[in-house]
Amino acid sequence: MKNGECWYIDADRPHHVTNESSSDRIHIVVDCGRNAGSDDVFRAAGYDFDGEARRGVDPHTRRQMIEELRRMNTPVAPQLIEKLTPPASRAT
């Protein structure tokens, strides 16, 4: 992440950043919902939304995320678990 760059991440996916420099880093983070307009801006800047969709979450990480959501037992946890559960694994 270089000075002056703008990055997009889907923070719902596993992620981390490490500052291996001896200098402090300051970042402005904007947490917002996506819409067609924001997608157009990032697509024009070169972001590959199709590549994002192909990468997905590996099965081990997915299981860990589901286990943690169950442990948290928040009102929104079941909705997130539903989104993380592959269709073939869902109870009918």
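Right, Val41: in a loop (DSSP other than H, G, I, E, B) and surrounded by 10 or more Cβ atoms within 10 Å (Cβ to Cβ) or not? When the stated conditions are applied, Val41 does not pass them.
Residue count for segment 12-38 under the criterion of being surrounded by 10 or more Cβ atoms within 10 Å (Cβ to Cβ) and assigned to a helix (DSSP H, G or I): the result is 1.
Filter segment 47-92 down to the residues that are on the phi > 0 side of the Ramachandran plot and modelled with pLDDT of 85 or more and list them by number. Can you show your working first?
Restricting attention to segment 47-92, the residues satisfying the condition of being on the phi > 0 side of the Ramachandran plot are 56, 73.
Within segment 47-92, Asn73 is the sole residue that qualifies.
Looking at Glu67, Glu52, just one residue is in contact (Cβ under 8 Å) with a residue 40 or more places away in the chain, surrounded by 11 or more Cβ atoms within 10 Å (Cβ to Cβ) and assigned to a helix (DSSP H, G or I), and that residue is Glu52.
Total residues in segment 18-41 satisfying the condition of being within 12 Å of Tyr8 (Cα to Cα) and modelled with pLDDT of 85 or more: the figure is 3. Scoring Val57 on the criteria (1) within 18 Å of Ile9 (Cα to Cα); (2) of a type outside the set (S, T, N, Q); (3) not in a loop (DSSP other than H, G, I, E, B) leaves a single failure, condition (3).
The values are calculated or read from the model by the stated rules, or taken from the named source; none is laboratory data. Predicted model, so just to flag it, every value in this text is computed and none were measured. Cβ: placed from backbone, ideal geometry, glycine included. Neighbour counts: every protein chain shown.
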